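Step one of this worksheet: look at the structure below.
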Amino acid sequence: MRAILLIASATLGLLPHLACASSVVVGHYRVAEGPDVAGELVLTRDGRFEYGLAAGALDERAQGRWEMIGGRACLFTEPKPLAPVFAKAPILPVDGAVPTLLVTWPDGRGIAGVDFRMGFDSGEPLEGYTQDYGWSMPEGDARLPRWVELSVPMHQLASARIAFETADRGMMHVVLTPNDLGVVDFEAACLEAKEDSVILHRREGDMRFRRGED
């Protein structure tokens, strides 16, 4: 009985410290990663957070809950985002011609800047990126594509290997369904307090924030 009381007493003694830590981390933070990057992180007293980032062509956002784990505030995106999906689709002509590779949104608009790696029966694979009107084999290269892999590195997005079938005749149309593209899936991404800032530790790398106006 005495041991139980001692444990309970020790636990109660920690509560003010934990409450204080939670109170200190609440606030409005701005990203401190250079002049070309803008972003903010807001942690509210009800255990919720909002995050946003704009860095060149990259836009990110997230919202959800935060909780104290091991003395640090850790972020959990809610609801959990649905990942974008690449899927093979019927061939789609562009300006009367059919490119070797075309990547579009579901509404048919072409997507520029999708990296690809394309393989053949012989020779080295080709690497490049799409334009909004697609991509076509170089003049003089008569090889027939056998597979392609697609990626959008800034969103950590990559497809499985997609095969060219005989009926495709060396042409492919892929639709990228965005779903929650741009929503960051924070899963216990924790903040580390520094002297004049906080560091957000996430899978893609650390981010530094400074406290702004609440």
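For a quick check of your reading of the model, give me the residue pairs whose first member lies in region 76-98 and is under 30 Å from Tyr51 (Cα atoms), whose second is surrounded by 13 or more Cβ atoms within 10 Å (Cβ to Cβ) and among the polar types (S, T, N, Q), with beta-carbon atoms closer than 6 Å and at least 6 apart or on different chains. Short answer, once both residue conditions are applied: Val85/Thr177; Phe86/Ser159.
Once region 45-58 is narrowed to residues that are of a type outside the set (A, V, I, L, M) and loosely packed, with under 14 Cβ neighbours inside 10 Å, the residue that is nearest to the chain's Cα centre (by Cα) is Gly56. Among the residues in region 18-40, are any closer than 19 Å to Asp180 by Cα and either loosely packed, with under 14 Cβ neighbours inside 10 Å or among the aromatic types (Phe, Trp, Tyr) (or both)? So far as region 18-40 goes, no, none of its residues is closer than 19 Å to Asp180 by Cα and either loosely packed, with under 14 Cβ neighbours inside 10 Å or among the aromatic types (Phe, Trp, Tyr) (or both). Glu187 falls short on exactly one of the conditions (1) touching a Pro at 6+ places or on another chain (Cβ under 9 Å); (2) surrounded by fewer than 16 Cβ atoms within 10 Å (Cβ to Cβ), and that condition is (1). Hey, can you tell me all the residues within region 33-67 that are among the hydrophobic types (A, V, I, L, M, F, W, C) and touching a strand residue (DSSP E or B) at 6+ places or on another chain (Cβ under 7 Å)? Selection gives Val37, Ala38, Leu41, Val42, Leu43, Phe49, Leu53, Ala54, Ala55, Ala62, Trp66. The listed residues are Gly110, Gly123, Gly170, Gly128, and the only one of them that is closer than 18 Å to Ala87 by Cα and out of contact with any Asp or Glu (no Cβ under 6 Å at 6 or more places or on another chain) turns out to be Gly170. There is at least one residue in region 155-169 that is closer than 30 Å to Arg48 by Cα and not polar (S, T, N, Q). Restricting region 92-143 to residues that are aliphatic (A, V, I, L, M) and exposed (fewer than 14 other Cβ atoms within 10 Å of the Cβ), the residue that is nearest to Thr177 (Cα to Cα) is Ala112.
Where a number appears in this text, it was derived from the coordinates with a stated rule and is not lab data. Since we're looking at a predicted model, the values are computed, not measured. Because the Cβ atoms are built from the backbone with ideal geometry, glycine has one as well, and the counts that use them run over all protein chains shown.
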